[in-house]
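Chemist: Got a structure for you, questions after.
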Amino acid sequence: RARGGLAMSALAGIVGDLEGCNEATLKKLLSAVLRKDPEIRQKVARDVNLTAEFNIVTEDERRHAIEEQYNEVKLTGNDDMEVSEDIDFYERAKFVPMRLTYDERKYLRLIDATMFVSHYTDSMDSAAGARANPARKLALQMKQLCAILTGMQVAHSYEQGQQLMQSREFVQRSGFFQTVLEIGRRYKILNPERMRDSYGKLMYFLQDSRKPEVRELMEFDSVVRVRTVYDVLSKSARGLEMLEDPQLRIATMEIMPEGKSRIQIQREIKSKEAAIKHLAKTYCSVARRRKYNGFGAYSLGFLRSSYADSDSDNEQKGGEELTEDLVEQCIYSLGDHSTYLRFNRAPCDRLISLLQEHFDPVEPGPPQFSLAIAEGVEGARLSHSHQRQYTFVLQSMTLWREVLDNMFQLWHLAEEDLLDEEHPYTLTDTGQGLQRVQKSPRSVVAMQKILAKVQRKVGGWVGSSTVHLGDHNVPNALMFIDKYIQVPRFLGPLVLTLDKIPQLAQSSDGMQGYIDSFGGVKVLQKQILADFFRHAFDGSGADNFFDAGSCIDGRLTSAWNWCSSIERKPYFSIFLLTGFTGFDGKEGF
């Protein structure tokens with residue numbers, strides 16, 4: 001009886017404690033209880049509409065994730081997988097967006113400003129919006145969609161905006177809306193560091209606009225294909241032949257000044273200009289350049305209408321002629337892609353070469369330069385020997401390089417997944433607020449192909465090969481793309497700092513003495529590299545192996561975790577002295 005009284009007293013105390021807990025604490029406790037039984041978890045989640053609980057990781061899933069952290073697959077290395085100097089322009093052109101013309105940039109400013117001031121996602125992805133019944137939610141969506149489209153038209157042309165507000169016939173302006181929205185998407189692919197907030201709102205806006213019930217009311221589809229080089233060249237019978245011309249390689253090459261004399265640089269510039277002019281004259285379908293008609297080299301038929309003057313977009317579309325200006329724009333667009341690849345892949349290539357130059361794959365050398373990590377030591381959540389960590393780092397950066405090399409292709413697939421009507425999103429509390437969780441089959445398949453290619457190239461794989469996409473870690477393809485376009489942002493400043501240390505040492509005697517206190521230039525560089533290779537790849541960044549660890553996206557989580565702790569590093573002052581301001585530039589610069 002005494003024991004029963006104590007039990008009742010303890011139970012009463014627990015109940016009292018629970019009543020004093022806030023909502024977040026109660027949800028965590030409920031998650032812990034539900035995690036033990038998947039069937040009960042699913043039933044309770046459905047009964048009480050607790051959508052976030054669908055993302056609870058079960059004990060079996062956690063156990064499987066832990067076991068995968070130390071997987072090791074060995075394959076025969078394939079020397080043929082090395083980067084080829086040959087460029088397949090035919091395949092590349094299918095994914096390379098066209099560079100924006102001067103006139104298109106006016107529409108870019110329009111869509112960027114429209115999305116910047118819009119509160120669309122605040123209204124649609126709020127807790128109140130998630131709980132609203134379908135009819136009310138559809139009414140709210142239509143109100144927000146129409147407000148954005150009307151505001152865009154008014155900002156472009158006040159008179160046409162007035163007409164639209166009176167008639168509410170959005171289909172009559174469908175060409176204008178489609179083109180402006182496509183320009184925003186195209187510009188973002190070409191410039192990943194820009195439109196950081198606006199692009200996310202734009203894609204979520206387009207997601208909702210593609211819902212069948214919304215499209216039925218709007219009477220048009222706001223989404224069109226992103227305009228690529230292949231799309232433009234395929235308009236002419238001879239256009240695609242240019243992609244097989246050997247001169248195209250010269251016309252799109254980057255002219256780098258390193259190790260070249262001024263005469264040699266001038267010679268390469270002239271050779272490139274001559275190749276561009278030759279290709280433009282050879283493959284254009286109109287010998288004389290057409291007069292600009294408000295949209296650069298585009299015909300009005302292609303852009304559907306001259307939006308400033310036309311009251312209707314139902315004009316007969318004419319075939320677009322491939323002018324010299326348009327051919328040159330295609331060539332410049334392919335050249336932009338080469339610059340994009342160099343800018344984004346260069347930090348990965350540089351760090352891979354530094355890893356191979358300063359560290360032996362087998363022998364760790366002095367303890368301070370060993371890459372070995374141990375779970376629980378200095379925040380590490382993995383335990384790797386020097387040899388295993390060397391391989392782990394090498395394969396991770398090789399994977400990042402390969403992803404960046406195929407970023408345009410992945411971006412197109414990600415947009416297709418986001419705008420796929422067959423796989424609608426669900427608004428779910430992932431533990432980081434309400435997110436649009438959506439299956440992304442195209443992106444997953446593409447990522448698995450890239451992973452398989454890297455595994456063959458490096459001769460195996462250390463750690464988990466799980467690709468998180470469409471779960472609470474990476475809710476949708478937009479988040480997936482966003483994770484990988486961060487890679488140059490944190491690798492770039494690191495490489496710049498390492499390269500500037502020798503110049504810093506030579507700047508003054510005092511600075512030379514300060515760097516000597518670290519052991520000299522070479523020792524300091526190796527110290528920074530060793531710390532990065534250890535703790536940017538140590539599985540840190542979360543409290544379980546399902547959210548972080550050695551899985552594909554967990555490696556990026558660890559890298560960002562290292563970046564967030566840079567100010568606590570003993571060499572942080574060196575970063576500041578070399579001009580470091582952060583791993584994420586101001587306003588995209």
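The values are calculated or read from the model by the stated rules, or taken from the named source; none is laboratory data. Every value quoted in this text rests on a predicted model; they were computed, and no experiment measured them. Here the Cβ positions follow ideal geometry from the backbone for every residue, glycine too, while neighbour counts run over all protein chains shown. Please note that ligands, DNA and RNA were not included when accessible areas were found on the heavy atoms of the full protein model with its side chains. Shrake-Rupley method; radii C 1.70, N 1.55, O 1.52, S 1.80 Å.
Chemist: Evaluate the following for Leu419: is it at pLDDT 90 or above, surrounded by 15 or more Cβ atoms within 10 Å (Cβ to Cβ), within 30 Å of Ser209 (Cα to Cα) and in contact with a Phe, Trp or Tyr (Cβ under 9 Å, 6 or more places away or on another chain)?
Modeler: no
Chemist: Looking at region 207-249 only, could you name the residues that are farther than 23 Å from Thr339 by Cα and of a type in the set (Lys, Arg)?
Modeler: Residues satisfying the conditions are Arg210, Lys211, Arg215, Arg225, Lys235, Arg238.
Chemist: Then there's this: Of the numbered conditions (1) hydrophobic (A, V, I, L, M, F, W, C); (2) open to solvent by 20 Å² or more (accessible area, probe 1.4 Å); (3) at pLDDT below 85, Phe95 fails exactly one; give the number of that condition.
Modeler: Answer for Phe95: the failing condition is (3).
Chemist: Inside region 231-264, can you point out the residues that are open to solvent by 50 Å² or more (accessible area, probe 1.4 Å) and assigned to a helix (DSSP H, G or I)?
Modeler: Matches in region 231-264: Glu241, Glu244, Gln247, Arg249, Ile250, Arg262, Ile263, Gln264.
Chemist: So, one more: Report the residue count in region 439-452 for those that are open to solvent by 20 Å² or more (accessible area, probe 1.4 Å) and either in a loop (DSSP other than H, G, I, E, B) or β-branched (Val, Ile, Thr) (or both). If you could, list the steps in order and put the result at the bottom.
Modeler: Going through region 439-452, the residues open to solvent by 20 Å² or more (accessible area, probe 1.4 Å) turn out to be 439, 441-442, 444-445, 448-449, 452.
From the residues that got through so far, the ones that are either in a loop (DSSP other than H, G, I, E, B) or β-branched (Val, Ile, Thr) (or both) too are 439, 444-445.
Matching residues across region 439-452 total 3.
Chemist: Let me ask something else about it. In this structure, does Ala446 turn out to be over 30 Å from His423 (Cβ atoms), modelled with pLDDT of 90 or more and out of contact with any Cys (no Cβ under 8 Å at 6 or more places or on another chain)?
Modeler: Numbers: over 30 Å from His423 (Cβ atoms): no; modelled with pLDDT of 90 or more: yes; out of contact with any Cys (no Cβ under 8 Å at 6 or more places or on another chain): yes.
No.
Chemist: Read through the list (1) within 17 Å of Ile552 (Cα to Cα); (2) charged (D, E, K, R); (3) in a strand (DSSP E or B), then give the number of the only condition that Arg436 fails.
Modeler: Tallying (1) within 17 Å of Ile552 (Cα to Cα); (2) charged (D, E, K, R); (3) in a strand (DSSP E or B), Arg436 fails exactly one: (1).
Chemist: Scan region 462-489 for residues that are surrounded by fewer than 22 Cβ atoms within 10 Å (Cβ to Cβ), hydrophobic (A, V, I, L, M, F, W, C) and more than 13 Å from the chain's Cα centre (by Cα) and jot them down.
Modeler: Selection gives Val467 alone.
Chemist: Okay, moving on. Give me a count of the residues in region 520-560 that are at pLDDT 90 or above, on the phi > 0 side of the Ramachandran plot and surrounded by 20 or more Cβ atoms within 10 Å (Cβ to Cβ).
Modeler: 0
Chemist: Moving to a separate point now. Can you tell me how many residues in region 176-194 are open to solvent by less than 20 Å² (accessible area, probe 1.4 Å) and either under 18 Å from Leu418 (Cα atoms) or free of Cβ contacts under 8 Å to residues at least 24 places away in the same chain (or both)?
Modeler: Matching residues across region 176-194 total 9.
Chemist: Another one. Output the residues belonging to region 261-284 that are among the polar types (S, T, N, Q) and closer than 14 Å to Leu248 by Cα.
Modeler: Ser271, Thr282
Chemist: Please work out if Tyr204 is modelled with pLDDT of 90 or more and either more than 21 Å from Ser174 (Cβ to Cβ) or surrounded by fewer than 16 Cβ atoms within 10 Å (Cβ to Cβ) (or both).
Modeler: no
Chemist: If I go through region 382-404 residue by residue, how many of them are farther than 20 Å from Asp360 by Cα and either in contact with a Lys or Arg (Cβ under 6 Å, 6 or more places away or on another chain) or crowded, with 22+ Cβ neighbours inside 10 Å (or both)? First the steps, then the outcome.
Modeler: Our first condition is that a residue be farther than 20 Å from Asp360 by Cα; within region 382-404, this holds for 382, 399-404.
From the residues that got through so far, the ones that are either in contact with a Lys or Arg (Cβ under 6 Å, 6 or more places away or on another chain) or crowded, with 22+ Cβ neighbours inside 10 Å (or both) too are 382, 399-401, 403-404.
Final tally of qualifying residues: 6.
Chemist: Now, a different point. I'd like to verify a number: residues in region 102-149 that are open to solvent by 20 Å² or more (accessible area, probe 1.4 Å), in contact (Cβ under 8 Å) with a residue 60 or more places away in the chain and assigned to a loop (DSSP other than H, G, I, E, B), how many?
Modeler: Total satisfying the criteria: 2.
Chemist: Still on this structure, I have one more. Taking the condition of being of a type in the set (Ser, Thr, Tyr) and in a loop (DSSP other than H, G, I, E, B), how many residues in region 265-286 meet it?
Modeler: 1
Chemist: Kindly list, by first and then second residue, each pair from a residue in region 481-499 that is over 11 Å from Pro192 (Cα atoms) to a residue that is open to solvent by less than 20 Å² (accessible area, probe 1.4 Å) and charged (D, E, K, R), limited to pairs with Cβ atoms under 7 Å and residues at least 6 apart or on different chains.
Modeler: Short answer, once both residue conditions are applied: Lys483/Asp553.
Chemist: Please find, within region 500-519, the residue that is most open to solvent (accessible area, probe 1.4 Å) out of those that are under 26 Å from Met397 (Cβ atoms) and without any contact (Cβ under 8 Å) to a residue 24 or more places away in the chain. So that I can check it myself, show each step before the final result.
Modeler: In the first step, residues of region 500-519 are kept if they are under 26 Å from Met397 (Cβ atoms); the result is 500-504, 518-519.
Applying the additional criterion that residues be without any contact (Cβ under 8 Å) to a residue 24 or more places away in the chain yields 502-503, 519.
Details: Pro502: 47, Gln503: 125, Gly519: 48 Å².
Among those residues, the one meeting the criterion is Gln503.
Chemist: Also: Does Glu357 satisfy being more than 21 Å from Asp499 (Cα to Cα), open to solvent by 40 Å² or more (accessible area, probe 1.4 Å) and either in contact with an Asp or Glu (Cβ under 9 Å, 6 or more places away or on another chain) or not hydrophobic (A, V, I, L, M, F, W, C) (or both)?
Modeler: no
Chemist: Then there's this: Out of (1) more than 28 Å from Glu91 (Cα to Cα); (2) touching a Gly at 6+ places or on another chain (Cβ under 6 Å), what's the single condition that is false for Lys439?
Modeler: (1)
Chemist: Kindly indicate whether any position in region 330-351 is modelled with pLDDT of 85 or more, aromatic (Phe, Trp, Tyr) and in a loop (DSSP other than H, G, I, E, B).
Modeler: There is no residue in region 330-351 that is modelled with pLDDT of 85 or more, aromatic (Phe, Trp, Tyr) and in a loop (DSSP other than H, G, I, E, B).
Chemist: For the structure I just gave you, tell me whether Leu164 is within 20 Å of the chain's Cα centre (by Cα), surrounded by 15 or more Cβ atoms within 10 Å (Cβ to Cβ), assigned to a helix (DSSP H, G or I) and not polar (S, T, N, Q).
Modeler: Taking the combined requirement at face value, the residue does not satisfy it.
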